[in-house]
Amino acid sequence: MVALHKRTNLWFILAAAFVVTGCGGGTQDEKTSDTKSTQTTTAETAEVPRGDAGKGTALFVSYCSACHGADAKGLKGLGRDLTQNEWVQSLSDAEFLEYVNTGRGVDDPRNTSGIPMPPKGGNPALTDQEIMHIIAHVRTLQ
């Protein structure tokens, strides 16, 4: 029973470490037409809820700042700077939502950081509406 408890704790610690270190992001180099056209096709056909930047501030601090910093300027070896990121700025809100929902693994050729961006930033409970609030907040920082 004790061994099972220790094993469970180890898995929990490993999962938490992945979430904390797993927030990566896009770069300016990712503005290729191939990437853009794939995202646009899927994202532009979906209804996108409007975000509220005021609500997004608290959500960003709670769910994104561990990797991107409370000021969204990124943390070395973790998440990218979202305040001066041309790739992020080039995305429509629908494309940004799709990217956050999908994430990007280290094996994705568009990942130039070598750091994974887990789907929904590692929090599967985030709703599209909450992510849109976060996106609205990030837009105010650019």
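Just so it is clear, none of the values below were taken in a lab; they were calculated from the coordinates. Computed from a prediction, not measured in an experiment: that's the story for all the values here. Note that each Cβ is placed from the backbone with ideal geometry, even for glycine, and that neighbours are counted across all protein chains shown.
May I ask you to list the residues in the stretch 95-128 that are among the small types (Gly, Ala, Ser) and more than 19 Å from Lys55 (Cβ to Cβ)?
Gly103, Gly105, Ser113, Gly114, Gly122
Among the candidates Gly103, Gly77, Gly69, Gly122, single out the residue that is on the phi > 0 side of the Ramachandran plot and surrounded by fewer than 14 Cβ atoms within 10 Å (Cβ to Cβ).
Gly77
Among the residues of the stretch 122-142, which ones are farther than 10 Å from Leu59 by Cβ and acidic (Asp, Glu)?
Hit for the stretch 122-142 is Asp128, nothing else.
Can you say whether Asn111 is closer than 19 Å to Leu75 by Cβ, touching a residue at least 24 places away in the same chain (Cβ under 8 Å) and surrounded by fewer than 17 Cβ atoms within 10 Å (Cβ to Cβ), as far as the supplied structure shows?
no
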